[in-house]
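Asker: If you scroll down you'll find the structure; I have some questions about it.
The values are calculated or read from the model by the stated rules, or taken from the named source; none is laboratory data. Quantities reported herein were computed from a predicted structural model and do not represent experimental measurements. Positions of Cβ are generated from backbone atoms using ideal geometry, with glycine treated the same way; all protein chains shown enter the neighbour counts. Please note that ligands, DNA and RNA were not included when accessible areas were found on the heavy atoms of the full protein model with its side chains. Shrake-Rupley method; radii C 1.70, N 1.55, O 1.52, S 1.80 Å.
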Amino acid sequence: MIRVLVAEDQLAVRAGLVLILRSAPDIDVIAEAADGEQAVRLARELRPDLVLMDVQMPRLDGVSATREIVAEHLADVLVLTTFDLDEYVFGALRAGAAGFLLKDSDAAGLLEAVRTVARGEGMIAPAVTRRLIAEFARPGAAPSATATVTAEPAELASLTPREREVLGALGQGLSNAEIADHLAMAEATVKTHVSRVLGKLGLRSRVQAAVLAQELGVAGP
């Protein structure tokens, strides 16, 4: 079972999200939060597998709440946003969010996003992926995904040839299964390589790795 904490300040929206999540046999909504402070407190108490986090909430916004939850390794965070590109998305990425989903996504999309992030694979809504990566990689872009990450050439040199290939595949926005097929290796092996790449580059999410790959020009076509 995937244990989920839903953080959304609008009662009607939260109820709808909970209803959809509870319709899935493999997802268990263990708690609900109406603001960011409550989300952090419940995450500390319950240690969910995943927090479904709205970005605009009272008392403590979703970006700040995400930063605390990720920093304390309490859970993965899947961020809900109304807009495909805004300061909240950039802030959530810097805070270490594992995924981004538009609020207008359908029920199937929401369930798949929760399952994807729970498997340890970061995700961005398809409508956002290329634009978000391109925005971060754009020369002079104000909000850099790697603003708080040091990626010196020596660190990149520490990657094995296979790890460089995996980093390049992440830069294309590929999932673990797609990388496994693309590089002809087992999916479990891909997951191991991704973890090693993140560790060596000091990154907190595969989404940050994707952006870095674009910035460094190591992403495939």
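Asker: Multiplying the sequence separation of L183 and R59 by 0.36 nm and subtracting their Cα-Cα distance, what value in nm do you get?
Answerer: Taking L183 through R59 to full extension adds about 40.1 nm, to one decimal.
Asker: Next up: May I ask you to order 44-50, 191-197 by the average number of other C-beta atoms within 10 Å around their residues, highest value first? Working shown, then result.
Answerer: Values: 44-50: 16.1, 191-197: 18.3.
With the highest mean Cβ count within 10 Å placed first, the list reads 191-197, 44-50.
Asker: Can you give me the accessible area per residue for segment 1-72, using a 1.4 Å probe, in Å²?
Answerer: Working: 3230 Å² over 72 residues.
About 45 Å² of surface per residue is accessible.
Asker: Next up: Counting only protein heavy atoms and using a 1.4 Å probe, what share of the accessible area of segment 159-214 belongs to carbon plus sulfur, as a whole percent?
Answerer: Numbers: 1170 of 2280 Å².
Looking at segment 159-214 in its full context, I get 51 percent from C and S.
Asker: Between L156 and A107, what length in nm is gained on full extension when 0.36 nm per residue of separation is reduced by their alpha carbon distance?
Answerer: Working: separation 49, 0.36 × 49 = 17.64 nm, distance 3.95 nm.
Length gained, L156 through A107: 13.7 nm.
Asker: Rounded to a whole number, what % of the accessible area of segment 1-83 do carbon and sulfur atoms account for, probe 1.4 Å? Mind dumping the intermediate values first?
Answerer: On the way: 1920 of 3680 Å².
Carbon and sulfur: 52 percent of the exposed surface of segment 1-83.
Asker: In terms of modelled amide H atoms, which long-range or inter-chain residues lie less than 5 Å from the amide H of A33?
Answerer: Distant-sequence amide H within range of A33: V6, A7, E8.
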